[in-house]
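The values are calculated or read from the model by the stated rules, or taken from the named source; none is laboratory data. Bear in mind that the values here come from a model prediction, so they are computed numbers and not experimental data. All Cβ positions, even for glycine, are placed from backbone atoms using ideal geometry, and neighbour counts span all protein chains on display.
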């Protein structure tokens with residue numbers, strides 16, 4: 001009898017966490033990479049700052065589960081519920097979200113100072129909350 005109670009105490013929180021994380025994931029932005037190269041999509045909440053001083057190559061590479069997309073794939077990125085108005089307003093105080101798109105090969109082979117100085121990103125995308133909702137919380141990188 002005690003074993004059943006212990007098992008229930010251990011398993012019950014796992015189910016609760018699964019439900020919460022699933023509900024939260026419904027509000028994540030999904031990014032579609034239509035390019036024929038692997039990319040990193042890195043959000044910047046400090047629009048119109050384009051200095052890339054908000055991040056580093058170490059942060060990007062360490063968080064590849066948050067930012068990385070293989071060629072011709074899609075994934076829910078950033079692990080922030082940016083499709084919820086309250087969360088958007090809290091995180092995107094300028095009202096505009098920028099997403100810097102980097103070629104995987106450039107990030108892995110080039111020096112970060114050089115990448116920043118020469119603005120070696122493939123794309124710089126800008127979105128407001130209405131743009132995100134109009135696209136059903138999907139961003140396409142082409």
* residue 130 passes all but one of (1) part of a helix (DSSP H, G or I); (2) out of contact with any helix residue (DSSP H, G or I) (no Cβ under 9 Å at 6 or more places or on another chain); (3) under 21 Å from residue 63 (Cβ atoms); which number fails? -> (3)
* To do: Scan the range 133-142 for residues that are surrounded by 11 or more Cβ atoms within 10 Å (Cβ to Cβ) and in a loop (DSSP other than H, G, I, E, B) and jot them down.
  => 135, 137
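Can you name every one of the helices (runs of 4 or more DSSP H) wholly within the range 38-116 that holds 2 or more residues which are at negative phi and under 11 Å from the mean Cα position of the chain (by Cα)?
Details: elements: 57-62, 64-67, 85-91, 104-109.
Result: 64-67.
Could you go through the range 26-33 and let me know if any residue there is under 23 Å from residue 115 (Cβ atoms) and either modelled with pLDDT of 90 or more or crowded, with 17+ Cβ neighbours inside 10 Å (or both).
Let us first name the residues in the range 26-33 that are under 23 Å from residue 115 (Cβ atoms), namely 31, 33.
Those left that are additionally either modelled with pLDDT of 90 or more or crowded, with 17+ Cβ neighbours inside 10 Å (or both): 31, 33.
The answer is yes, given that some residue of the range 26-33 is under 23 Å from residue 115 (Cβ atoms) and either modelled with pLDDT of 90 or more or crowded, with 17+ Cβ neighbours inside 10 Å (or both).
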* Structure fact -> From the option list 53, 65, single residue qualifying as closer than 23 Å to residue 119 by Cα and modelled with pLDDT under 95 is 53
* From the residues in the range 117-127 that are touching a residue at least 40 places away in the same chain (Cβ under 8 Å) and part of a strand (DSSP E or B), which one is nearest to residue 38 (Cα to Cα)? -> 124
